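Readers should treat all values here as calculations from the given coordinates under stated rules, not as data from a laboratory. Bear in mind the structure is a predicted one, so any value in this text is a computation, not a measurement. FYI the Cβ positions are ideal-geometry reconstructions off the backbone, even for glycines, and counts take in every protein chain you see.
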Amino acid sequence: MKLQLAFNITDALNKLWGKLEGWLDAIILKLPNFILAILVFVIFYFIAKGVKKIVNKILLSRIKEKSIQQIIQQIIFAIILLIGFFVALGIMDLDKVLTSVLAGAGVAGLAIGLALQGTLSNTVSGFILSFLPKVSIGDWIESDGTVGAVTEINLRNITIKRPDNNYTIIPNSSFVDNPFTNYSITKRSRIMVACGVGYESDLEAVEKLTVKILGEAFPQQNNEEVEFFYTEFGDSSINFLVRFWADLNNGKEKFMHQHKAIKVIKKHFDDAEINIPFPIRTLDFGKNKLEVVKDN
């Protein structure tokens with residue numbers, strides 16, 4: 001019994017030693033490939049760092065949001081390192097391992113993509129917004145009824161500071177899919193002011209005066225001009241609309257220009273004795289009702 005046990009142990013040790021010798025021979029044979037694989041991976045590492053710096057210089061001129069700059073750099077860095085890893089596995093003849101890794105990555109990517117479908121949609125839209133020259137930090141925009149200044153653009157949403165000092169956060173996918181207006185793209189915009197004059201007024205004189213005073217208050221450039229249109233016969237006035245060009249980058253400037261134009265029009269109309277009527281309501285109580293009032 002002892003002899004058989006000793007034989008089994010010796011046999012197991014011989015087999016183990018044979019395995020170790022085989023592994024040692026395999027390691028020695030694969031050592032050049034292993035060293036080459038490490039060298040290739042290190043080269044890819046430095047390539048990734050170099051590309052990251054180049055991408056950073058490009059992004060600085062295209063994207064103002066630092067958080068998106070950093071994320072894009074990290075993604076590019078990780079992709080290059082991953083390519084280097086797969087190349088290193090191929091050099092070491094680990095084709096089966098490489099196939100398993102790729103298969104596992106595909107299944108995992110599919111599962112993650114299905115689970116994070118909404119998040120990925122916002123992320124892709126964030127990349128689109130990052131490279132769109134039509135939207136930048138500080139721009140005054142209007143989107144789906146929300147008006148304000150863009151304060152942040154990240155990979156999930158865009159943040160707008162409204163005139164009432166509150167913030168509205170819009171998911172990137174919703175913002176990209178819907179139309180929006182960026183008032184900061186054009187330096188000058190057309191301002192419109194409506195008013196009315198009395199029926200006794202000289203309409204030609206009113207038009208010439210309005211065009212003159214607004215042209216002086218808001219100098220027009222190039223082919224710009226002050227435009228004047230009578231629009232309707234109102235209940236107590238003949239109404240008109242006047243349009244002129246002015247520097248405009250945000251909603252506050254629009255109100256400031258309208259404020260100034262109204263003051264200018266009112267002052268000069270008063271000086272020229274041009275009447276700006278206001279509705280007057282005459283109440284007729286009737287004879288019987290007046291008598292009742294007198295009795296009380």
Worksheet entry | Distance between modelled label sites at N33 and S174, nm, 7 Å Cα→Cβ extension | 5.5
Item to complete: Any chance you could count the Lys pairs in the range 188-271 whose alpha carbons are under 19 Å apart, treating pairs 8 or more apart or on different chains as valid?
Response: 12
Worksheet item: For K52 and L241 in the same chain, what is the full-extension length gain: residue separation times 0.36 nm, less their Cα-Cα distance, in nm?
Response: 62.4 nm
Worksheet item: How long is the gain from F233 to E152 if the chain were fully straight, where each residue apart is worth 0.36 nm and the alpha carbon distance is subtracted?
Response: 24.4 nm
Fill in: Cβ-based charge dipole, the range 188-271, positive-most Cα from I238, N249, G198
N249
Fill in: Cβ charges +1 (Lys, Arg) and -1 (Asp, Glu), total dipole of the range 188-271, debye
500
Fill in: Positive minus negative residues near N275 (Lys, Arg vs Asp, Glu; Cβ under 15 Å)
-4
Worksheet entry | Part-to-part distance (alpha-carbon centres) for the range 228-281 and the range 171-213, which is given in Å | 11
Fill in: Charge context of L214, other residues only, Cβ under 13 angstrom, K/R +1, D/E -1
+3
